[in-house]
Each structure stands twice: as structure tokens, then as C-alpha cells.
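Quick notes on the structure that follows.
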Amino acid sequence: MDKSIILVGGFHEMIELCELAGFSIIGIIDPKLQGDYYNYPIIGTDESAPSIFNRYPYANIVLSPDAPLLRKKLSNYYKTIGYKFATIISPDSRISRSAIIKDGAVVQSGVNVSSQTTIGAFVKLNTNCNIMHDVVIEDYSTVAPNAVILGRVSVGESCYIGANSTILPELIIKNNATVGAGAVVTKDVGGGIIVKGVPAK
């Protein structure tokens with residue numbers, strides 16, 4: 001795989017992760033930045049992405065934003081242009097040999113992904129989160145730093161699991177749900193629902 005990438009969204013944490021994972025950053029697409037950012041050129045905006053693709057058809061895209069619905073919107077837009085997407089996995093993470101990690105996912109340093117776990121496309125696993133055995137996390141979801149998802153949990157599409165939260169075993173978190181920072185989830189969470197607290201309500 002060609003390790004040349006273009007970042008969508010200028011974010012220094014993602015730049016450092018991509019460098020650590022051995023990728024070569026061509027430039028950054030960002031509507032709010034100009035010139036250089038973190039020593040990389042700002043090469044355009046989302047609107048100029050088709051012409052950028054013509055210049056760098058070999059480059060894969062990395063989506064920086066944390067927000068699940070924004071990542072979904074961006075991925076659909078860049079797919080229509082013809083871009084492909086890099087999967088970024090920190091060498092400082094621990095990934096079981098039986099885990100499945102799909103295209104466009106981002107796995108940051110300190111993350112643990114245990115056995116028989118499936119991480120969907122464009123999922124973002126933030127620093128030091130812990131994903132235990134037989135967990136399924138569907139496309140576009142974000143798991144914030146230090147969150148713990150225990151065995152056989154199912155997390156739906158476009159969910160946000162807050163920092164330092166814990167989801168107890170065998171629960172179902174349905175699509176577009178949000179778990180607040182520090183929450184302890186003891187029951188299933190319905191689609192589009194926001195829960196917080198200990199226990200989460």
C-alpha cells in the first residue's frame with residue numbers, strides 16, 4: 001500500500017500519529033487554515049478536493065474530525081470523488097491477531113483491542129481506550145480517551161463513547177447514541193439517546 005496520505009482537517013495530534021505510523025503526509029485539506037500547519041502545506045479545501053485528486057490520485061485520505069456524523073459526511077463526499085482511505089494504527093497500540101479493523105479506522109497510541117473484536121470503517125479509537133473481547137463497534141463511531149468497553153458489547157453506527165466511561169459486558173448501544181464522559185453504562189442504550197452519570201441514565 002502506498003503510504004502517501006492527505007489529511008482532511010489540520011490537527012497536530014493526527015499529524016503526529018500519522019508520522020509515528022510511518023505515513024508520508026503530502027498536505028492538509030482545511031477550510032480554516034492557510035500557508036503551512038505543523039510544517040505541512042495547506043493544499044486546499046473540501047471544495048477543491050476534485051482538483052487535488054487529479055494532482056495526487058495515488059494518495060489516500062485520513063479524516064481527522066472526532067465527530068462521527070461529520071466523518072460520515074466527509075467519507076461519503078470523498079468517496080464520490082474517487083479517493084481511497086488509509087487505516088492508521090499506532091505502533092504503540094495493542095491489537096489482537098484475531099481482531100478485524102476496517103478501512104479508514106484510526107487507532108491511537110495506548111489503545112488495546114482484544115480478541116475476536118470488530119472495529120468498523122472510519123471508527124476512531126482515542127488514546128488509551130480499552131476494547132475487550134468479542135466487541136463490535138460499527139462504522140463511524142468514536143471512542144474517547146480511557147473509555148473501557150467490556151466483553152461482547154455491541155456499539156452501533158455513529159455513536160460517541162465519552163472519555164473515562166465504562167460500558168459493562170453484553171450491552172447494546174444503538175446507532176447515534178452518546179455516552180457521557182465518566183459514565184458507567186449498566187443497561188442497553190437506545191438509538192439517538194444521550195446517557196450520563198453513574199449509573200448512566
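Just so it is clear, none of the values below were taken in a lab; they were calculated from the coordinates. Predicted model, so just to flag it, every value in this text is computed and none were measured. Every residue, glycine as well, gets a Cβ built from its backbone with ideal geometry; the counts of neighbours run over all protein chains shown.
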- The local net charge around Gly180, scoring Lys/Arg +1 and Asp/Glu -1 for residues other than Gly180 whose Cβ lies under 12 Å from its Cβ, equals +2
- Can you spot the lysines whose alpha carbon is less than 25 Å from Lys32's alpha carbon? Ignore those fewer than 8 places along the same chain. Lys72, Lys73, Lys79, Lys84, Lys124
- Final fewest-first order of Asp139, Asp134 on the 10 Å Cβ neighbour count is Asp134, Asp139
- Message: Can you sort Tyr56, Tyr40 from fewest to most other Cβ atoms within 10 Å of each residue's own Cβ?
- Response: Tyr56, Tyr40
- Expected 222 nm ellipticity per residue - DSSP helices of 4 or more, -39500 (n - 2.57), all of the chain, to 500: -4500 deg cm²/dmol
- Item | Top of Thr117, Thr80, Thr166 by mean-square fluctuation, Gaussian network on the chain, Cα under 10 Å | Thr80
- Message: Full-extension gain between Thr45 and Leu33, please, as 0.36 nm times their residue separation minus the C-alpha to C-alpha distance.
- Response: 3.4 nm
- Query: If the chain between Thr80 and Arg55 were fully stretched, how many nm would it gain, using 0.36 nm times the residue separation less the Cα-Cα distance?
  - Reply: 7.3 nm
- What order do you get for Ser141, Ser158 when you list them from fewest to most C-beta neighbours inside 10 Å? Ser158, Ser141
- For the stretch 53-84 and the stretch 136-151, write down the distance between their C-alpha centroids in whole Å. 22
- Query: Which percent, to the nearest 5, of DSSP beta bridges fully inside the chain are antiparallel?
  - Reply: 5
- Item | Nearest 10 degrees, 0 to 90: helix 68-81 Cα axis against the chain principal axis | 40
- Checking Glu16, Glu138, Glu157 against a Gaussian network model of the chain (alpha-carbon springs below 10 Å), the top fluctuating residue turns out to be Glu16
- Message: Pairs of alpha-carbon atoms within less than 8 angstrom and 6+ residues apart define the contacts here; what relative contact order does the stretch 87-196 have, in percent?
- Response: 16
- Among Asn126, Asn54, Asn176: highest mean-square fluctuation, GNM of the chain, C-alpha pairs under 10 Å: Asn54
